[in-house]
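The values are calculated or read from the model by the stated rules, or taken from the named source; none is laboratory data. Note that this is a predicted model, so its numbers are computed, not measured. For neighbour counting, all protein chains shown are included, and Cβ atoms are generated from backbone atoms with ideal geometry for every residue, glycine included.
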Amino acid sequence: MRRVAKLSAACFATAALAITATACGSTSSDNNSSSSSSGGGKGVKIGLAYDVGGRGDRSFNDSAARGADKAEKEFGGSIKELTAKTSDTEADREQRLSDLAEAGYNPIVAVGYSYAPAVTKMAAKYPKTSFGIVDSVVEGKNVNSITFTEEQGSYLAGVAAALKTKKDHVGFIGGVDNPLIKKFEAGYTQGVHDTNPKVKVDVQYLTHGQDTSGFSSPDKGQQAAQGMLDNGADVVYTAAGSSGNGAIEAVHGAKGAWAIGVDSDQYNIPGLAQYKSAILTSMVKNVDVGVYDFIKSVKDGKPLAGNNVYSLAKGGVSLATSGGFINDIQPKLDAAKQKIIAGQIKVKTTP
Amino acid sequence: MNKLTSRIDKERLFLGLAAPVLAVVAALVVTAMVILATGKNPGPAFNDMLTYGFASDSQVYILNKATTYYLAGVSVAIGFRMNLFNIGVDGQYRLAAFFAAVLGGALTVPGWLAVPLILICAMATGALWAAIAGILKVTRGVSEVISTIMLNSIATAIIAYLLQPGKLAQLQQGGTVVATKPLPSSSHFFGINTGPAGDLWGFIFVAVAVGIAYWFVLGRTRFGYDLRTVGQSESAAAASGVSVKKMIATSMIISGAVAGLIGMPTLLNDSYQFSSDFPTGIGFTGIAIALLGRNNPIGIALGALLWGFLERTTNHLEFQGYDKEILGVIQGVIVLCVVIAYEVVRRYGLKRQQQKVGAELAAQAAATTKKQEVA
């Protein structure tokens, strides 16, 4: 008897599923098509798909958000933001982009390299929509790949570190040991050694491989920085998203030590105001410029496409001067910058 | 007599269904209150979830997601039936998927041979990884909760070490993604093209087969009986001649082998390679789904479908301007409600049983006294 009950339950469940499957032949885009034309209004409809962390990470995603905000202010229109989860699969990322495309958002900016396969697919599916992707290169006539030469900016950070260290010992903290962050490490180490071969560089990554918590764990950043300071380093460069906040805090606690920030000009970030006296400079990655340029080009009717490399020469990466702590070494930094731009110095992308 | 059994079964069925229904309803009420508290109207939200969730492309998405979640749920449930808390499913499936992807990328044999080899490699890796925890528990008495959590971190570290350019992986796409060598197209698992709705992953049939095997082995074999006995009382099982240690090690290994399959739908039907953004955390989702489904093969399937439905529709809720955190709230509340609801229903059922037994005894007693009076 129990068996019959279970069997009938199973049959019922499958039947119910089959019915819903057949009854709803229409896809979600068919259901949406009536509403997609409404709600647009004037200006550009900007779709933003963030990486894990989203708006408010004080770092990478925030930088993209700043670019979109600026464009919205200038051109009017609206921003729709969606944010990734750590449990995302390809299907989720594709859904996010196709939801935006279906609703008429154009351009759509995918923030972060993990969107690359999804952008490849969706750009082919929605050829009239302009897609932008940050930190990766995707082929396609309607795709603008926004990449940065992080190694060049990091090289300058290395030069600054080598000139400012008194103990001939500096440190680098990376969030996760992925190829992108290794570009930071490679440039920094080269910059230090080109300036002063005697300086020792400690390198530490907070997490490895799939564990991306290294980008969002200020406690880990603090511990790593403290360890480097105890070990004798007195300049610490951190490329680790919000974990960098912890590192800066630790460096602020040590006398005579300097922190180098990343992505945004961290001297001017309100949340870090109490530690800013220890922030030597920041390796600014102008994601906002890339995002803004792209939105502007779409608004002007001439959408950017192909791989747009925001290099040191174009101001895509730079060293922040807020606080004036690097004013005394500025001539040497400028000289290094000119050499990179002129091609006399080739900065490595892998350590 | 026949009538009586059918009546009891109905009650069992009612009690069995009451708990999940109660849990889902309670979760809906709490969610509605949360949405209200954020100053938005929950009515349109639920309405949007229904219309969006039942569109055909959403259904394909839900079935695909549920395939993965179902395997995770079954893997955890095997441990649960044995009173083993296999938290290590997460590490087991990731490690298994990684080595399976490496093998798949290196194989040059035809697909009909490559796919089974990849599956066997995944199951063996998962089983071996779980076996470490099983053997530690049997020989040294190490709690499987502690050892599997630690093995998760070790798995992460091993993958991080090997998933590097020049080791077992290569750089791709503008130098920012590290992935294993992609599987040749002959090794792709078949999918069912449903037109504009997308591809339904063929791996769903494997998941169904795993579900049937789970039901059969646990419910219809001597081994399954032994396993459930050990889960209910180790001393009783030992007294009746079951080797408890052997059962613990075996069930851990089987749980790990099924865990090895979790990453396969994604690998063989979707990504075709293991990259640093391969989905993580599904082992923990599996715990929630096994709890929701009460370790029952059909229950787990419904739980997996519900989970897929919630993810699909709340992704879209974010688009409609609701907070994206709503998904976490709904899922968390459902799991809590399930645990509470089952306990409430269990106590209610126990009370009903006691009352019924009491009533029957009283009736018997009354009958005998009556007889005595007559006599």
### Criterion (among the polar types (S, T, N, Q), in contact with a helix residue (DSSP H, G or I) (Cβ under 9 Å, 6 or more places away or on another chain), at pLDDT 90 or above and surrounded by fewer than 19 Cβ atoms within 10 Å (Cβ to Cβ)) met by exactly one of A:SER282, A:SER311
A:SER311
### Task
Give me the pairs, please: first residue somewhere in the stretch A:336-351 and within 14 Å of chain B (Cβ to nearest Cβ), second residue anywhere and at pLDDT below 90 and surrounded by 14 or more Cβ atoms within 10 Å (Cβ to Cβ), beta-carbon distance under 7 Å, and either six or more positions apart or on two chains.
A:THR349/B:GLY175
### Task
Hey, can you tell me all the residues within the stretch A:226-244 that are assigned to a helix (DSSP H, G or I) and surrounded by fewer than 24 Cβ atoms within 10 Å (Cβ to Cβ)?
A:GLN226, A:GLY227, A:LEU229, A:ASP230
### Summary
Flagged in the stretch B:261-290 as on the phi > 0 side of the Ramachandran plot and more than 7 Å from every other protein chain (Cβ to nearest Cβ), in numbering order, are B:TYR272
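A quick yes/no check of all residues on (1) within 30 Å of A:GLY140 (Cβ to Cβ); (2) of a type outside the set (A, V, I, L, M, F, W, C):
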{"residue": "A:LYS220", "(1), (2)": "no, yes"}
{"residue": "A:GLN223", "(1), (2)": "no, yes"}
{"residue": "A:ASN268", "(1), (2)": "no, yes"}
{"residue": "A:ASP288", "(1), (2)": "yes, yes"}
{"residue": "A:PHE294", "(1), (2)": "yes, no"}
{"residue": "A:LYS299", "(1), (2)": "yes, yes"}
{"residue": "A:LYS302", "(1), (2)": "yes, yes"}
{"residue": "A:GLY306", "(1), (2)": "yes, yes"}
### Residues located in the stretch B:47-67, provided they are of a type in the set (A, V, I, L, M, F, W, C) and surrounded by 17 or more Cβ atoms within 10 Å (Cβ to Cβ)
B:MET49, B:PHE54, B:ALA55, B:VAL60, B:ILE62, B:LEU63, B:ALA66
## Note on the structure
If you go through A:GLY232, A:GLY221, A:GLY256, the only one that is more than 14 Å from chain B (Cβ to nearest Cβ) and closer than 19 Å to A:SER154 by Cβ is A:GLY221
### Task
Select, from B:GLY104, B:GLY111, B:GLY91, B:GLY79, the only residue that is modelled with pLDDT of 90 or more, closer than 30 Å to A:GLU94 by Cβ, touching a helix residue (DSSP H, G or I) at 6+ places or on another chain (Cβ under 7 Å) and away from chain A (no Cβ under 14 Å).
B:GLY104
### Query
Would you call A:THR281 in a loop (DSSP other than H, G, I, E, B), of a type outside the set (Gly, Ala, Ser) and closer than 20 Å to A:HIS252 by Cβ?
no
### Summary
Checked B:ILE154, B:ILE135 against criteria (of a type outside the set (Phe, Trp, Tyr) and either buried (at least 24 other Cβ atoms within 10 Å of the Cβ) or within 14 Å of another protein chain (Cβ to nearest Cβ) (or both)); the one match is B:ILE154
### Query
What is the residue count in the stretch B:266-320 for residues that are among the acidic types (Asp, Glu), in contact (Cβ under 8 Å) with a residue 60 or more places away in the chain and either surrounded by fewer than 22 Cβ atoms within 10 Å (Cβ to Cβ) or in a helix (DSSP H, G or I) (or both)?
2
### Task
Considering every residue within the stretch A:260-269, establish whether at least one is touching a residue at least 60 places away in the same chain (Cβ under 8 Å), among the β-branched types (Val, Ile, Thr) and crowded, with 24+ Cβ neighbours inside 10 Å.
yes
### Among (1) in contact (Cβ under 8 Å) with a residue 60 or more places away in the chain; (2) under 17 Å from the mean Cα position of the chain (by Cα); (3) within 14 Å of another protein chain (Cβ to nearest Cβ) - the single one A:GLY187 does not satisfy
(2)
### Query
Of all residues in the stretch A:163-184, how many are away from chain B (no Cβ under 14 Å) and either without any contact (Cβ under 8 Å) to a residue 60 or more places away in the chain or closer than 20 Å to A:ASP219 by Cα (or both)?
4
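Residue-by-condition table, conditions (1) under 16 Å from the mean Cα position of the chain (by Cα); (2) within 12 Å of chain B (Cβ to nearest Cβ); (3) of a type outside the set (S, T, N, Q); (4) part of a loop (DSSP other than H, G, I, E, B):
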| residue | (1), (2), (3), (4) |
| --- | --- |
| A:GLY47 | no, yes, yes, no |
| A:VAL52 | yes, yes, yes, yes |
| A:ARG55 | yes, yes, yes, yes |
| A:ARG58 | yes, no, yes, yes |
| A:ALA71 | no, no, yes, no |
| A:ALA91 | no, yes, yes, no |
| A:LEU97 | no, yes, yes, no |
| A:GLY104 | no, no, yes, yes |
